[in-house]
Amino acid sequence: MIAEEEWYTPLSQIPSIVQSKRLSANSGICHDISFRKAQINALINMIDENYDTFKSAIHADLGQNNFFTKMFDVGSIVSAAKFVLSEMDEWVKTKAIPTSFPVNTALPFKSTITPTPRGVILNISPWNFPFNLALVPVLEAIAAGNVCIIKPSECSMNCSKVMARLLPQYVDPRVVSVVLGGAANSTELLKHRFDAIVFTGSTEVGKVVATAAAQHLTPTLLELGGKSPAIVCDDADLESAAMRIALSKFTANMGQFCCASDYVVVVESKKEKFVELLKQALVKFYGIDPKQSQDVGRMISIRHTERLVRLLEDPTIQIVHGGKYDVKEKYIEPTIVEADVNSECMKEEIFGPILPIYTVPTTDDAVNFVQDHYTFKGKHPLALYVFSKSEKKWKHIINCIQCGGASINDTIKHIGNKFMPFGGVGTSGMNSYHGRYGFDFFSHYKPVMSVSNYSTNPADPGVWLLFPPYTEQKMKAIVAMSNLPDFCRKVKAIFKIVMPAVILGIVFQYPGIMNAILEFNIKTIINAVLSMINCIGNYFK
């Protein structure tokens with residue numbers, strides 16, 4: 001243990017690290033948009049120039065191969081960064097907005113909303129996607145103009161060390177710092193005030209983070225996982241469902257993934273065929289001896305492996321495929337089990353390559369099972385996967401089961417859509433990020449109303465209405481004008497329909513007006529418009 005702690009950041013240094021970031025945020029260093037872009041580009045360069053180093057670190061910690069590194073972890077950081085760079089010019093803009101009654105009586109005025117940085121962001125990231133979950137929230141925070149402290153997991157020691165060594169060589173140290181260490185380091189960090197905290201991990205630790213954040217009223221982005229079900233209906237394409245569920249459960253880090261299909265609920269009439277197709281998919285993916293496959297990663301630790309072995313030894317389950325393990329090598333074979341409601345693997349998130357199958361008579365029973373055992377108890381899944389060819393059926397299911405997000409006839413795809421938010425609900429988390437949604441979370445949208453009316457004249461409506469003395473006449477005027485917003489909305493809606501009709505009427509009534517417009521013949525244009533106004537006026541007489 002002493003040897004491990006040698007690479008930890010000393011607890012005594014943490015206050016000065018936090019203070020240095022506070023000074024950076026207060027200096028406005030990230031207010032300049034080009035500076036923010038330069039830091040994000042530096043992150044891209046860091047990955048491009050050191051990809052093999054990142055790949056080796058992931059293999060050392062997780063036993064994962066180049067495909068995992070490229071698709072699920074490091075490669076997706078570059079993709080996210082390039083997306084943010086392509087969109088952030090639009091995101092950072094100050095936007096003019098309407099001004100409502102009664103403040104709109106103070107003419108002239110202008111109302112705007114501007115995204116401004118929150119300040120100092122803390123990201124406590126996990127070990128299962130060690131680079132992605134550390135750096136994607138950070139690049140979105142930088143895009144919004146913040147400075148950051150990353151506290152990566154001590155479980156993925158090699159990846160954490162790589163980040164701590166390389167980041168200062170590429171990204172301005174005033175913008176990002178890395179604090180290495182375990183629970184004590186996280187606890188020390190959480191004593192300090194931050195302007196937003198990101199945490200990815202278990203629900204229990206998420207509660208600890210939220211409690212600490214509450215002491216400073218700090219907003220939190222919690223991504224906490226949970227038991228994400230895959231529901232296979234009686235009209236599902238079973239082969240497609242089997243392959244896609246296997247992908248999310250096993251290929252994506254051997255189940256060590258917050259959005260993995262944690263268990264499958266399948267209707268009884270399709271169970272036997274589905275399980276057979278699922279077994280075939282595993283053999284097709286990983287061969288007869290999965291231990292020799294380069295696509296089968298390892299568990300993060302001996303302790304984590306032993307926990308999964310205990311689930312396999314539960315007498316209430318029946319292993320129908322796989323089940324082998326090697327604790328010393330942190331290996332668990334991709335395994336399918338039949339489980340009942342009392343099985344240990346059905347109680348908490350598995351976070352490993354064990355897939356329970358639970359059978360129900362009908363699709364409605366599947367919904368009832370998820371509700372009764374999880375969602376009605378406040379245990380909302382981070383993801384929900386429904387396999388059905390009936391839009392009516394799958395819409396009913398996703399409306400009945402509250403979850404962070406869902407994919408229909410597929411798994412985990414919704415997480416990769418950069419235009420969609422990623423986040424949980426209830427015990428699976430709060431708030432969301434990815435793309436614009438991350439930028440929004442890390443921003444405070446500051447409303448500003450500027451008024452250029454300095455009048456003190458009682459004849460000015462803005463003065464007469466809003467300043468004392470308040471008379472009965474003023475109250476009646478205010479009540480009458482309070483109805484204007486709804487009236488204006490109706491007029492605006494009508495105007496959108498009527499105006500094109502008026503323009504077409506002018507063109508048909510006075511065919512020469514188009515030539516007049518093209519030739520910029522003001523007299524002809526004015527005469528045509530006045531004639532049309534006169535016609536409209538006569539209509540309403």
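The values are calculated or read from the model by the stated rules, or taken from the named source; none is laboratory data. Keep in mind that what you see is a predicted model, and the values were worked out from it rather than measured. Here Cβ is always computed from backbone atoms with ideal geometry, including for glycine, and neighbour counts include all displayed protein chains.
The residue of segment 308-319 that is nearest to the chain's Cα centre (by Cα), among those that are in a helix (DSSP H, G or I) and more than 27 Å from M71 (Cβ to Cβ), is L311.
When restricted to residues that are at pLDDT 80 or above and surrounded by 11 or more Cβ atoms within 10 Å (Cβ to Cβ), segment 476-486 contains 1. Which one is farthest from the chain's Cα centre (by Cα), of the residues in segment 57-73 that are surrounded by fewer than 18 Cβ atoms within 10 Å (Cβ to Cβ) and touching a residue at least 40 places away in the same chain (Cβ under 8 Å)? Checking each candidate, the answer is A60. Yes or no: I300 in contact with a His (Cβ under 6 Å, 6 or more places away or on another chain), at pLDDT 95 or above and within 30 Å of C155 (Cα to Cα)? For I300, the condition - in contact with a His (Cβ under 6 Å, 6 or more places away or on another chain), at pLDDT 95 or above and within 30 Å of C155 (Cα to Cα) - is not met. The lone criterion from (1) modelled with pLDDT of 95 or more; (2) part of a helix (DSSP H, G or I) left unmet by Y8 is number (2).
Cβ-Cβ distances below 8 Å connect the following pairs, each with a first residue in segment 453-473 that is closer than 18 Å to F101 by Cβ and in a loop (DSSP other than H, G, I, E, B), a second residue that is at pLDDT below 80 and hydrophobic (A, V, I, L, M, F, W, C), and a separation of six or more residues or different chains: N453/A106; N453/L107.
There is at least one residue in segment 408-422 that is among the β-branched types (V, I, T), part of a loop (DSSP other than H, G, I, E, B) and not assigned by TED's automatic domain parsing to the domain that holds T99.
Condition test on G435, is it closer than 24 Å to H31 by Cα, among the small types (G, A, S) and in contact (Cβ under 8 Å) with a residue 12 or more places away in the chain?
Considered against the rule, which asks whether it is closer than 24 Å to H31 by Cα, among the small types (G, A, S) and in contact (Cβ under 8 Å) with a residue 12 or more places away in the chain, G435 comes out as yes.
Summed over segment 2-52, residues that are of a type in the set (A, V, I, L, M) and within 23 Å of K191 (Cβ to Cβ) total 6. The set of residues from segment 264-274 being buried (at least 21 other Cβ atoms within 10 Å of the Cβ) and assigned to a helix (DSSP H, G or I) comprises just one member, F274. When we screen V171, V162, V175, V208 for residues that are assigned by TED's automatic domain parsing to the domain that holds A80, touching a strand residue (DSSP E or B) at 6+ places or on another chain (Cβ under 7 Å) and β-branched (V, I, T), the only hit is V175. Evaluating F109 against the criteria (1) in contact with a Lys or Arg (Cβ under 9 Å, 6 or more places away or on another chain); (2) surrounded by 15 or more Cβ atoms within 10 Å (Cβ to Cβ) leaves one unmet condition, (1). Scanning segment 278-298 for residues that are surrounded by fewer than 19 Cβ atoms within 10 Å (Cβ to Cβ) and assigned to a helix (DSSP H, G or I) returns K279, Q280, V283, K284, F285, K291, Q292. From the list T53, T114, the one residue that fits, being hydroxyl-bearing (S, T, Y) and in contact with a Phe, Trp or Tyr (Cβ under 8 Å, 6 or more places away or on another chain), is T114.
Being of a type outside the set (A, V, I, L, M, F, W, C) and in contact (Cβ under 8 Å) with a residue 60 or more places away in the chain: is that true of Q256 here? It is true that Q256 is of a type outside the set (A, V, I, L, M, F, W, C) and in contact (Cβ under 8 Å) with a residue 60 or more places away in the chain.
When F83 is tested against (1) out of contact with any Lys or Arg (no Cβ under 7 Å at 6 or more places or on another chain); (2) surrounded by fewer than 19 Cβ atoms within 10 Å (Cβ to Cβ), just one condition goes unmet, and that condition is (1). Residue pairs whose Cβ atoms lie under 6 Å apart, sitting 6 or more positions apart in sequence or on different chains, and linking a residue in segment 227-245 that is surrounded by fewer than 21 Cβ atoms within 10 Å (Cβ to Cβ) to a partner that is part of a loop (DSSP other than H, G, I, E, B) and modelled with pLDDT of 95 or more, are D235/S388; D235/K389; D235/S390. Take the conditions (1) out of contact with any Lys or Arg (no Cβ under 6 Å at 6 or more places or on another chain); (2) aliphatic (A, V, I, L, M); (3) surrounded by 22 or more Cβ atoms within 10 Å (Cβ to Cβ); V120 misses just one of them, which is (1). Just one of the listed residues (A339, A242, A252) is modelled with pLDDT under 95, among the small types (G, A, S) and at negative phi, namely A252.
Here segment 448-464 is the region considered, the condition is being at pLDDT 80 or above and aliphatic (A, V, I, L, M), and the residue that is farthest from the chain's Cα centre (by Cα) is V463.
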